[in-house]
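Notes follow the structure.
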Amino acid sequence: MFHETVQMFSYDFFVYAFIAGIFISLSASLLGVNLVLKRYSMIGDGLAHVGFGAFALTAAINPLPTWVALPIVGIAAVLLLRVRKSSKIKGDALIAVISSGSLAAGLILLTAFEVTNDINRYMFGSIFALEKSDVIISAVCSLIIIALYLIFYNRILLVTIDEDYAHASGINVSKYNTLIAVLTAVIIVLGMRLMGALLISGLVIFPPLSSMRVFGGFKKAVFCSALISVTCFTAGLFFTFYYSLPPGACILMMNLLVFILFTLVGKIRQRG
Amino acid sequence: MFYTLNMRIIKCENLCMSYENKTVLSELSFNVERGDFLSIVGENGSGKSTLIRGILGLKKYKGVLELNVGRNQIGYLPQQTALAEDFPVTAGEIVLCGCLNDMGLFPFYKKKHRETAIDALKKMRVLELEKRRFCELSGGQKQRVLIARAICAAKELLLLDEPATGLDLAVRNELYELISSLNKNDGLTVVMISHDMEGVLANSDKILHVSAISKAAEAVNSDKTLENGSTKNKGGFFGTVAEYIKTPIFMEMGCNNVP
């Protein structure tokens with residue numbers, strides 16, 4: 001076992017996947033708490049599909065690096081938040097329209113430009129195909145997200161739990177909502193390389209949901225969410241390597257198991 | 001603080017506001033001076049909460065509505081909080097939010113903020129609830145926690161939207177004592193919406209009666225007020241408590257428990 005673990009880390013591709021994954025799952029779980037509480041869970045899923053469309057566009061026209069998809073998804077995220085409030089098409093319907101629309105557009109683009117073998121990669125992720133530059137981008141972006149999250153932690157907390165009061169006490173609520181939206185877009189785009197468009201929202205949503213089953217305070221919930229996310233990622237990655245399973249699915253199954261466990265613990269605690 | 005002793009905190013002239021496309025306040029005029037304890041009374045749906053939300057800049061209005069204190073000087077107790085059931089946040093964390101307006105650019109709470117929060121929890125007698133999950137608390141406990149948050153935030157002005165809701169009589173009286181002391185001893189200006197006429201008359205020094213079809217009073221000048229007030233249903237009232245209890249609006253309510 002020990003020998004195999006050492007051997008795993010002798011592969012560059014595994015080390016890259018491990019480092020990038022730790023960073024991304026950590027920052028995803030932080031933002032996840034706010035997305036779940038603000039009832040924005042589906043937005044992550046919708047943005048991932050927009051990301052798929054954006055990746056298809058960059059792959060079809062000219063193979064371009066990850067960060068080209070970033071501004072497209074970022075703009076989509078801000079628009080989704082803005083339009084949600086004013087649009088006549090309400091919340092979930094709007095997300096469904098945008099996500100299926102960009103999925104269709106992406107598929108057409110990929111087929112028309114004959115890069116169909118990329119479809120699988122974008123749908124389900126390609127964690128072991130990361131390069132050194134991907135790892136650097138992931139680490140830098142994640143560190144920025146974590147730093148911003150810590151700096152604005154108290155304000156983000158208030159904007160998340162009580163928007164009205166935040167507004168009344170002079171906090172620029174829409175500024176913080178935009179910040180959360182943009183950071184979410186960043187993490188979705190980065191995470192798509194790991195988990196793929198179909199599974200990335202699970203990485204964002206599961207850890208906070210699990211930790212909220214057990215913990216009552218915000219600080220504890222955020223901390224535990226981060227811990228769950230990193231642990232599940234590591235465990236999932238090891239399973240993937242040992243049993244040659246799809247990585248995204250493995251990581252998500254770990255999260256699902258933890259969610260079930262925490263739900264049980266929460267139930268027992270409530271009775272006790 | 002002495003040099004600003006008679007500063008006008010809120011100036012409101014010919015204010016018109018609507019709620020869900022229905023005009024609830026029209027041509028409302030009143031002033032709040034530093035150190036005032038103003039109670040806003042009136043039947044349900046007359047626009048009291050809408051007025052407070054207008055003062056806080058949460059709602060649009062027509063007319064003049066000047067607020068001469070910074071938003072970071074105000075403690076606000078909303079009528080109801082839209083905190084959902086599953087929110088993982090403790091009572092202590094909620095109260096600490098009241099100190100946010102004092103942090104400036106520094107991202108974290110300092111020791112004095114924690115002390116302020118503990119102090120406010122003590123004042124509201126809910127210190128033992130500090131670590132409890134907010135959504136597990138009873139209605140009255142939630143109300144006290146939210147009042148504690150407002151107290152933390154209030155440096156100049158305390159805006160309370162029906163603070164007595166959900167509190168039993170003993171706690172209610174304690175609350176009035178506390179607010180009175182904040183007003184008299186700490187010099188906080190208090191604006192309170194209330195349906196509890198007894199508490200209002202005993203504690204406040206000015207009254208704003210908002211009527212559903214408010215053609216409310218021309219402030220300060222009491223003669224004029226009485227004139228306007230005497231136009232029965234149409235009228236509202238703004239003036240001191242002593243003047244208020246002589247008005248037809250007040251007498252019509254059949255309130256005999258004048259202190």
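Bear in mind these aren't lab numbers, they're just calculated from the coordinates by the rules spelled out. The model shown is predicted, which means the values in this text are computed figures rather than measured ones. Note: ideal-geometry Cβ built from the backbone for every residue, glycine included; neighbour counts use all protein chains shown.
Listed from fewest to most Cβ neighbours within 10 Å, the set A:MET195, B:MET197, A:MET254 follows the order B:MET197, A:MET254, A:MET195.
Entry note, chain A: relative contact order of 31 percent, from Cα contacts under 8 Å with a spacing of 6+ residues. Just add up the charged neighbours of B:LEU129: K/R +1, D/E -1, any other residue whose Cβ is under 11 Å from the Cβ of B:LEU129. Result for the local shell: +3.
Helix-only mean residue ellipticity at 222 nm, chain A, DSSP H runs n ≥ 4 weighted -39,500 (n - 2.57), per residue, nearest 500. What is it?
Calculated mean residue ellipticity at 222 nm is -28000 deg cm²/dmol.
Once you've got the Cα coordinates, tell me which of B:LYS48/B:LYS122; A:LYS90/A:LYS175; A:LYS38/B:LYS122 are over 25 Å apart. Going by Cα-Cα distance, B:LYS48/B:LYS122; A:LYS38/B:LYS122 fall outside the 25 Å limit. Modelled spin labels at B:LYS11 and A:LYS90, positioned 7 Å past Cα toward Cβ, are 4.4 nm from each other.
Site pair A:VAL83 and B:LYS131 shows an inter-label distance of 4.7 nm when each label is modelled 7 Å from Cα along Cα→Cβ.
Hey, what's the Kirkwood Rh for the range A:65-166 if you take every pair of different alpha carbons, in angstrom? The partial results should precede the final answer.
Numbers: mean 1/r = 0.0590 Å⁻¹.
Result for the range A:65-166, one decimal place: 17.0 Å.
The separation of the range A:2-19 from the range A:216-272, counted between C-alpha centres, amounts to 22 Å. Using r as the Cβ-Cβ distance of B:LYS122 and A:LYS267, and R0 as 22 Å, what FRET efficiency do you calculate, to the nearest 0.05? Efficiency, from the Cβ-Cβ distance: 0.05. Computed from the C-alpha gyration tensor, the three semi-axes of the ellipsoid equivalent to the range B:113-216 are 25, 16, 12 Å, from longest to shortest. Normalised size of chain A, defined as Cα radius of gyration per 2.2 N^0.38 Å with N residues, equals 1.01. Exposure proxy ranking for A:ARG193, B:ARG71, based on other Cβ atoms within 10 angstrom of each Cβ and starting from the fewest, stands as B:ARG71, A:ARG193.
Placing R0 at 22 angstrom, the Cβ-Cβ distance between B:PHE106 and B:LYS60 gives a FRET efficiency of 0.10 after rounding to 0.05. In plain terms, the residue of B:PHE237, B:PHE250 with the fewest other Cβ atoms within 10 Å comes first and the most crowded comes last, giving B:PHE250, B:PHE237. Just the Cα atoms of the protein assembly as shown, one point each, no solvent: what log10 I(q)/I(0) does Debye give at q = 0.06, 0.07, 0.08 Å⁻¹? Each listed q maps to, in turn, -0.38, -0.50, -0.63.
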